[in-house]
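Data first, discussion second: the structure below is written as C-alpha cells.
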Amino acid sequence: MYYCACIKTAIPALARFPMTQSQHEFRRPPGPDQAVALGIDPETLATLQGLQQTHGDMVSLNRPNGRVAYFVNDAFEVRRMLTRRHTKYVKGPGFERVKMLLGNGLIVSDGDVWRRSRRMIQPAFSRQNVHRLLTVMVECCDRLAVRWADAAASEETLNITAETSDFALELILISIFGDDYERYIVTEGENPFAFLSRDSTRDLSVVMKVRHLRELLMEIIGSRRARQGGEHFDFLAMYLEATDKEGKPFSDSELLDELMTLIVAGFETSANTLNWVWYLVAKHPNVELRLIEEAQRLVPTVSAISAESLTEMQYTQQVLEETLRLYPPVWLYTRRSTQLDELEDFDVPPGTDIYLSPYILHRTAHYWADPDAFQPERFDPSVAPKKERPYFPFSLGPRRCLGEYFSFLEMKVHLGLLLPRFQMQLVDASDPGLELAINLRSARDIDVQPVIRTTP
C-alpha cells in the first residue's frame, strides 16, 4: 500500500505545514535527519524496526515527497488514535492503490461516505445473521475434506496455501451470492474470482481482471434486483435491503464497490491466517493435541456445531489470536492527520502521515514476553484482560473490521472439523518467510502431506 523504500536528501522539518505557528513551536519525536520513503517490502519493515530500536516508539521522519511522517509504536497512543481521537485522522498514503481495485468501499472511504456505508452494512454482520451462515461453512469444509481424503489416499502432496485460499474464497462467494454462486460463477467453468487468491502483486493486469468482475457483479445485481423480495439469505440480499437514515438504498456503483471490498477483505484474512495456523500447528504437536482434544469434546460431529459450541472452543480461539499476533493480515496501516493533535508529548500538525505496524507492535519485547515465540496460552483470558493487550490485527475503534466475528467463526469450523481428521506433515519445515504486500502472506507456498488420523 505504500511505495518503495529509499533514502534521499533531508527535507527541512514542518516546512510543508500551512500553519501560523513558527516551525520551532512544534514538538517532534526524535528521528533521522535524512529523508525516508516507506514501501510494502522487506526493506520497509527493516527500516521501521531499525527506527524503533534507535529512536523509540515515537519516531518522526521526513518523506521524499516533502511530507512529515510519524511512525507510532506506542501501544497506548495507537489505541487512543484509533479510538478516542479517530475523528482527527483519515486514511493515509497508499490507499489509492487499493481504491483502484475496490473502488470507494468501506475500507478506503472516509467522512460521510464511510459513516453512511458503515451504518448500512453493520446489521448484516450481526451475530444472528452470521450464525445463519454456519451451514455454508460446514458444507465448504465437507468438500475440502473429500479432496483431502483423496489426496491422502493417493499420497499426494497438497499446497495448503492454495487450499486455504480456495476454501476461504469459495466460502465468502457463497455467503455473498447464495444460489447465484452456482448460477453465475460455477457455470463459467474456471472461477472468474480465482485470480484474487493467486495474484498477490495487485498490478495493472489484476486491475483489468477486476473490471471483468465488476461487469459480472453488475449482471448478478441486476438479476437479483429483478427478483428482490424472494427467499434469499445472503450478504447480497442484506446489502440490497440496506437503507440509510433517509431510506435510500445503495446505488449500483456503491453496491459494486462494497461487494468488491467484501469479497477481497472477506477471504484474504481467513485464508492467510489458516495457512499460518496449519504451518504452526504442524511445528507444535503439543498445540495440535490440545486443539484436537477440544474439537473432539465440543464438536465431535457436524450436528454438534452451533454458535454455542464454537464459542466454547476457547483454546482454538487462543491459537487463532496468537497466529494473528504473529502474522496480522495487514502488517502496515496509514493515517493522515486533519487537525492538530498530540501523541505523548509531541505535536501532530495537520497533514502528518502516520504509520502503524501491527506486525512490529505485536513483536515488541517490552509489550510481549518472548515475542517471536508461538504461545497461544498468552491469550488465555486469565493471563491479561483483552483491553490491556497491545493488539490490533483487525484495527480498533470505529474502523475495526466488521467481519471479525464471521472470520473467527469460519476458522473455528474449519479447524474443528478438519484438524481431528487430518494431520498435515510439512514437506519443508523451514520458515517460509514473509511476503510483505498489502496483506501479509507466506513468501513461499507451504506444501504438506495429508495423513488421515486414526488416533490423536
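All of the numbers you see were taken from the coordinates with simple rules; none came from a lab. Because the structure is a prediction, the values reported are computed rather than measured. Methodologically, a virtual Cβ is constructed for each residue, glycine included, from the backbone with ideal geometry; neighbour enumeration extends over all protein chains shown.
Here are the numbers:
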read-out: Length released on extending from Thr338 to Glu182, taking residue separation times 0.36 nm less the Cα-Cα span; value: 51.6 nm
read-out: Cα-centred dipole magnitude for the chain, charges only on beta-carbon of K, R (+1) and D, E (-1), debye, nearest 20; value: 1400
read-out: Efficiency of FRET from Cβ geometry, Glu25 and Val427, R₀ 45 Å, rounded to 0.05; value: 0.15
read-out: Cα shape, the range 264-326, gyration tensor, a/c 1.5 rule; value: oblate
read-out: Cα gyration tensor shape for the range 32-175, rounded if a/c is under 1.5, else prolate or oblate; value: oblate
read-out: 222 nm mean residue ellipticity, helices alone, for the chain (DSSP H n ≥ 4; -39,500 (n - 2.57); rounded to 500); value: -14000 deg cm²/dmol
read-out: Principal axis dimensions, the range 6-452 - Cα atoms, whole angstrom, descending; value: 70, 54, 41
read-out: Neighbourhood net charge (14 Å Cβ-Cβ; Lys/Arg +1, Asp/Glu -1) for Tyr315; value: -4
read-out: Antiparallel content of DSSP bridges confined to the range 6-452, in %, to 5; value: 90
